[in-house]
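Single-structure report; data block below.
The values are calculated or read from the model by the stated rules, or taken from the named source; none is laboratory data. A quick note: this is a predicted structure, and the numbers were derived from the prediction, not measured. Glycine gets a Cβ as well: all are built from the backbone with ideal geometry, and neighbour counts include every protein chain shown. All accessible areas refer to the heavy atoms of the entire protein, side chains included, with ligands and DNA or RNA removed. Shrake-Rupley method; radii C 1.70, N 1.55, O 1.52, S 1.80 Å.
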Amino acid sequence: MTDVTTTTVTSTAAPLLDVRGVTMRFGGLTAVNNVDLTVGEGEIIGLIGPNGAGKTTFFNCLTGLYVPTEGTVKYRDKVLPPKPHLVTQAGIARTFQNIRLFANMTVLENVLVGRHSRTKEGLISALVRGPGYRRAEADSRAKAMDLLEFTGLAGKADHLARNLPYGEQRKLEIARALASEPGLLLLDEPTAGMNPQETRAAEELVFAIRDRGIAILVIEHDMRFIFNLCDRTAVLVQGQKIVEGDRETVQNDERVITAYLGEPLESVPGASDSTADDSTADDNDTADGAADSTENDE
Amino acid sequence: MTTTSPTLALLRRQAAGTLARLEGSAPAPVARALVAGGAVLTIASAFLSWTWTADFPGDLTVSGYPGGLQWLTVATGLLLLLQTLAAYDLPVLRALAPTGHTAPLRRLALAAFATTWFTLAAIAIELGGLANLTTGGFIAGLAVLPALYGALALPADHRPAKAPAATSPWIERLWVTLITAAGLLLFTYGIDTSYGELFEGYLIAAGFSAAAYLKSGLFERGAALLQRQRPFAMTAAFVAAALFPLTQNNDHDANVGVNILIFATVALGLNIVVGLTGLLDLGYVAFLGVGAYTAALVSGSPFSPFHNAQVPFWAAALIGAGVSIVFGVLIGAPTLRLRGDYLAIVTIGFGEIFHITVQNLDGTSGPKITNGPNGIPQIPDISIFGLNLGTAHQLGSITIGRFANYFFLMLIVTLIVVAVFSRAGNSRIGRAWIAIREDETAAEAMGINGFRTKLTAFALGAALAGLAGTVSAHVTYNVVPDPYVFAGSTPPNSAFLLAAVVLGGMGTVSGPLLGASLLYLIPEKLSFLQNYQLLAFGVALILLMRFRPEGIIANRRRKLEFHADDADAVEIPEQGSGPDNVNLSKAGA
């Protein structure tokens, strides 16, 4: 893991998100080490890696939850401020790995909260309730209902978020993130804990979001999901990006296979050659192995 | 429940065992008949004399007419009788028990039993022995037993509530009016109780009956009704509140009313901070103090160093609220960066700093501003549009005393605070507060500036408390540092305020109003308990939190949880009926 070679496929001229040399250290632990990543307009980029590889930490660095120890994150050629609400204001929205809805608010209210950064009405106008306030509120509600329609939750607008089934909670989180009218959406394991049908539906949703002109960076363990969706996929192992590219590049990379399946035992005779066998192992095994590890997470 | 002491566990097992043995020990029709007969007997027994002498307050010596505590027995007996008739499936009364008859019947029977036996026990203990009870007293004690046994022997019949039939809005408004009127009656009766025993009996009767209606599902139904007719219900509640001083013939009760309103207003302000934004502020009463001291300083009191700078009340109110905002921001800016327990600890500290500071600004330890522990006395009465609130006025044949004047002023302030609370709470900024309460990290990821939003909540809460403080300074004539501490035996102090919010129901408007009324009246009426007051109070709080942790008035968000049950329910022909109002109406009071 010493020499890091990156197979980057640059697709667009002016990237939407430009991450350069981001490093995150917690004391002696380097969770993310010198990661570069670009996301172009309307792209879907996957981010995979074994558990503890630093994917979520990387997300937190992008969204201002953590301030990276080194490196810069640029969005539309502007360096992002290290505050979550300012990052959202700038146009990056996210969902969370472990769903973080406002459990005791209704579905509609959750989405309305998502519109916070796109509305301005403060306390005074809320108390006065002038025509401007009412127009803005009605507008927000209409837009929120549109998003609920889009994600298929319109019928449950008045339900409490916590009473939704799991899959719909995931959808609501996406709707809430979309409410902030982002240019880039970061999805942290959107299909974790979903059954195959729900996962297919989530794929459709992600494509539909991309069709709205929103770029997507997605963390996933479900390889089929990733390779169906993503224009490019980056693999993060122990905080380092070891490879980035299309399906073939990633699937055939020895280091990816090693990271997921482990290295062959040195003591076994002829072990040095067995890597070749491993690398020719069925791709589905890799995918299944990863999917298993997801299940263990839950 | 795992940490319950062995004794308590044993008691629980025995109680559960007894209940299980009793349940079904008589056939259901017999049991029901026993309850009905017991209820009639109980009512009748209240018309006998219960004791020989007039030494026991309320004069229970008259046969043929109930008096004092006997009225409570009559009331609980009537409620029990109505509920029993409902259990006989009579056409209109049927709607009294949307979620089953047995549970409310048991509690109402307990209410009648507890009220009656409490009265008898009080007579026996106070006058020294059972010999003080007449035959009528013993009959009353026995008459309630068949009802209690019958209710316990009835089989459990809990069922999910059915959706109420749609009624015209005017009939709904009629119900709202009735609920509010009953609420006013209940509230007025509580305040008017002239001796401790009567208030205790009232609490027992009201407590058990409230539990019964909570169990019967009427409470939920009434709350939904009030929610549907919200503007009308609010108006009715304020009309009822405005009528309150007119129903009183002595100014002391109006004084109690003013103090309840002040306490309730401050509790509503705290509800923004605690209930909506989820910031545990344990030093909140300091803002009430800031408002009160500010108003006192500019009131023209000769003991104020600024007595030459007397300003009219409306200006004093604005200054008081403004100064409170300044203090709110000053205290909030450094502390709101903390979360959870840390914030609570730091706010206690700031509350104490206020208390100690005003004690030391006495001319020796610091500059002479607040006169230290002596406070600022002789605060003149407010004069609005040439109307001096300090003197009694005549309205037709009704005399409106000093405290009644202040009651009306405070009612306007409360109206403002309620409007501010509900408008702010139901807006973009209010949603941001609730989002922060639910999950601060997620809220910030949604573009909410956590610190600034929390500071807004803190400052608004402070402003509302400061506003109430300016009135309170004038009502009490003087301002001293003592009430503005973390905990004490009388409201308002931070602990009581927090208790009022939590007890009443966090995040609601009516919750803190009800919580504040209860928490003000209990120490006021039970003053004879003296040193045991806080102990009794603590026990009462623990019991309430054990049996209704979400507060007396549950948040509308909690009501939504019941919504799912109603959706697939069959329709019920009758709409809610009479006596349910009695306890529901507390919300309107």
* To do: Could you calculate the FRET efficiency of A:Phe207 with A:Gln238 from 1/(1 + (r/R0)^6), where r is the beta carbon distance between them and R0 is 30 Å, rounded to 0.05?
  => 0.40
* Asked: When the Cα centres of segment A:106-120 and segment A:182-253 are compared, how far apart do they sit, in Å?
  -> 26
* Inter-label distance for B:Ala315 and B:Phe408, nm, one decimal - labels placed 7 Å from Cα along Cα-to-Cβ -> 2.5
* Going 7 Å from the Cα of B:Gln378 in the Cα-to-Cβ direction, what parts of segment B:474-498 have a backbone nitrogen less than 18 Å from that spot? -> B:474-480
* Structure fact -> In debye to the nearest 20, the charge dipole size for segment B:237-547, taken about the Cα centre with +1 at each Lys and Arg Cβ and -1 at each Asp and Glu Cβ, equals 440
* Structure fact -> Taking the dipole of chain B about the Cα centre (Lys, Arg +1; Asp, Glu -1; charges at Cβ), the one of B:Ala26, B:Asn531, B:Thr76 that reaches farthest to the positive side is B:Ala26
* Over all alpha-carbon pairs of segment B:237-547, lay out the pair-distance distribution in 10 Å bins, whole %, shortest bin first. => 6, 27, 35, 23, 7, 1, 0
* **Straight-distance crosslink candidates among lysines, where the alpha carbon sits under 26 Å from B:Lys525 and sequence neighbours closer than 8 are dropped** => B:Lys586
* **Hydrodynamic radius by Kirkwood, which averages 1/r over all alpha carbon pairs of segment B:336-449, in angstrom** => 19.1
* Structure fact -> Here, B:Ala16 and B:Val62, labelled 7 Å along Cα→Cβ, have an inter-label distance in nm of 4.9
* Cα pair count fraction exceeding 41 Å, expressed as % - chain B -> 29
* Asked: Rank A:Met105, B:Met506, B:Met234 by accessible area, highest first, at a 1.4 Å probe radius?
  -> B:Met506, B:Met234, A:Met105
* To do: At a 1.4 Å probe radius, which order do B:Tyr88, A:Tyr66, B:Tyr520, B:Tyr406 fall into by accessible area, largest first?
  => B:Tyr88, A:Tyr66, B:Tyr520, B:Tyr406
* Remind me, relative contact order of segment B:7-72 in percent, using alpha carbon pairs under 8 angstrom and six or more residues apart? -> 20
* Structure fact -> Long-range amide H partners of A:Tyr66, meaning residues 5 or more apart or on another chain whose placed amide H is closer than 5 Å, are A:Cys61
* Structure fact -> Rounded to whole Å², per residue accessible area for chain B with a 1.4 Å probe reads 42
* Asked: What size of dipole, in debye to the nearest 20, comes out for chain B about its Cα centre when the only charges are +1 on Lys and Arg C-beta atoms and -1 on Asp and Glu C-beta atoms?
  -> 1040
* Run the 1.4 Å probe and let me know the accessible area of A:Glu121, rounded to the nearest 10 Å². => 40
* To do: Please give the solvent-accessible surface of B:Trp71 in Å², to the nearest 10, using a probe radius of 1.4 Å with every protein chain present.
  => 110
* Please go through the residue pairs A:Lys156/B:Lys215; A:Lys143/B:Lys162; A:Lys55/A:Lys83; A:Lys171/B:Lys162 and name each one whose alpha carbons sit more than 26 Å apart in this structure. => A:Lys156/B:Lys215; A:Lys143/B:Lys162; A:Lys171/B:Lys162
* Asked: Residue by residue through segment B:312-319, which ³J(HN,Hα) values in whole Hz follow from phi under the Karplus form 6.51 cos²θ - 1.76 cosθ + 1.60 (θ = phi - 60°), with glycine and proline marked x?
  -> x, 4, 4, 5, 4, 5, 5, 4
* Calculate, in whole percent, how much of the Cα-Cα pair population of segment B:17-159 lies beyond 21 Å. => 42
* Asked: Once the Cβ-Cβ distance between B:Thr235 and A:Thr69 is put in as r, and R0 is 51 Å, what FRET efficiency do you end up with, to the nearest 0.05?
  -> 0.30
* Structure fact -> Heavy-atom accessible area of B:Thr247, protein chains in place, probe 1.4 angstrom, given in Å² to nearest 10, is 70
* Using a cut-off of under 20 Å, list every residue of segment B:225-264 whose amide N is near the label point 7 Å from the Cα of B:Gln394 along the Cα-to-beta-carbon line. => B:246-251
* Roughly how many debye, to the nearest 20, is the charge dipole of segment B:17-159 about its Cα centre, given +1 on each Lys and Arg Cβ, -1 on each Asp and Glu Cβ, and no other charges? -> 460
* Mind giving me the nanometre distance, one decimal, between the label points for B:Ile416 and B:Ser25, set 7 Å out from Cα along Cα→Cβ? => 6.1
* For segment B:17-159, which whole-number percentage of the solvent-accessible area (1.4 Å probe, protein heavy atoms only) is attributable to carbon and sulfur atoms? -> 73
* To do: Return the average number of partner chain Cβ atoms within 10 angstrom of each residue Cβ along peptide A:149-161.
  => 1
* Mean separation of Cα contacts under 8 Å, 6 or more apart, over the residue count of segment B:17-159: relative contact order % -> 40
* Asked: Each residue of segment B:9-17 in order: what ³J(HN,Hα) in whole Hz does its phi give by Karplus 6.51 cos²θ - 1.76 cosθ + 1.60, θ = phi - 60°, with x for Gly and Pro?
  -> 4, 4, 4, 4, 4, 5, 4, 5, x
* Asked: With all protein chains present and a 1.4 Å probe, how do A:Lys171, A:Lys120, A:Lys55 order by accessible area, largest first?
  -> A:Lys120, A:Lys171, A:Lys55
* Structure fact -> Along principal axes, largest first, the alpha-carbon spread of segment B:117-188 in whole Å comes out as 57, 37, 16
* Structure fact -> Here FRET efficiency (C-beta to C-beta, A:Glu149 to B:Val329, R₀ 51 Å, nearest 0.05) is 0.75
* Output the Cα-based Rg and Dmax of segment A:92-181 in Å, rounding Rg to one decimal and Dmax to a whole number. => 13.2, 40
* Asked: What is the projected area of the convex hull of the Cα atoms of the protein assembly as shown, averaged over all directions, in nm²?
  -> 47.1
* So what is the relative contact order for chain B, in percent, with contacts set as C-alpha pairs under 8 Å and at least six apart? -> 20
* Structure fact -> Taking segment B:420-508, the whole-percent share of alpha-carbon pairs separated by over 19 angstrom is 53
